[in-house]
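Student: Before anything else, here's the structure in question.
The values are calculated or read from the model by the stated rules, or taken from the named source; none is laboratory data. Predicted model only: the values in this text are computed from it and were never measured. All Cβ positions, even for glycine, are placed from backbone atoms using ideal geometry, and neighbour counts span all protein chains on display. Calculation scope for accessible area: heavy atoms of the full protein, side chains included, ligands and nucleic acids excluded. Shrake-Rupley method; radii C 1.70, N 1.55, O 1.52, S 1.80 Å.
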Amino acid sequence: MPRGQQGRVVSPDNVHSSAVWHKQEESVDALSMPMSLLAMLFSMLSIFLKYRFLSWQAVVCAVAHLSTMKMKDYDLKQLLSTCGIALLSLVMAYVGPSAAHFR
C-alpha cells in the first residue's frame, strides 16, 4: 500500500472521502462571496426602489454570508460593510424619514 504525506497508509476509501470533503469545502467557499454581493445589491435596491422585502432579503443574504464565511477569509471591513448596509436599509424601511413611501 502506498504511504501518504504524513506516513499513514492511503487506501482508496480514504482518498475518495478526502476528495469529497474538499469538494464540499470549496462549495461552501463559493457561496460566501456571492451572498455578500447579493446583500449589498439588495440593500441598495431597497433604498432606491423603496421595497421592504428587498431589505429583508439583504439581511437574509448577509446572515448567509456570515454563516458560510471561514475564519481565514475573515475581513472586518467587508463584514461591517455587508451587515451594516443590510441593517441600515432595514432600519430605513421602517423608521427612516421616508418610511411611509416604502411598499
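Student: Read through the list (1) within 17 Å of the chain's Cα centre (by Cα); (2) open to solvent by 40 Å² or more (accessible area, probe 1.4 Å); (3) of a type in the set (A, V, I, L, M); (4) at pLDDT 90 or above, then give the number of the only condition that V59 fails.
Tutor: (2)
Student: When you scan region 67-95, how many residues do you find that are in contact with a helix residue (DSSP H, G or I) (Cβ under 7 Å, 6 or more places away or on another chain) and within 11 Å of M35 (Cβ to Cβ)?
Tutor: 4
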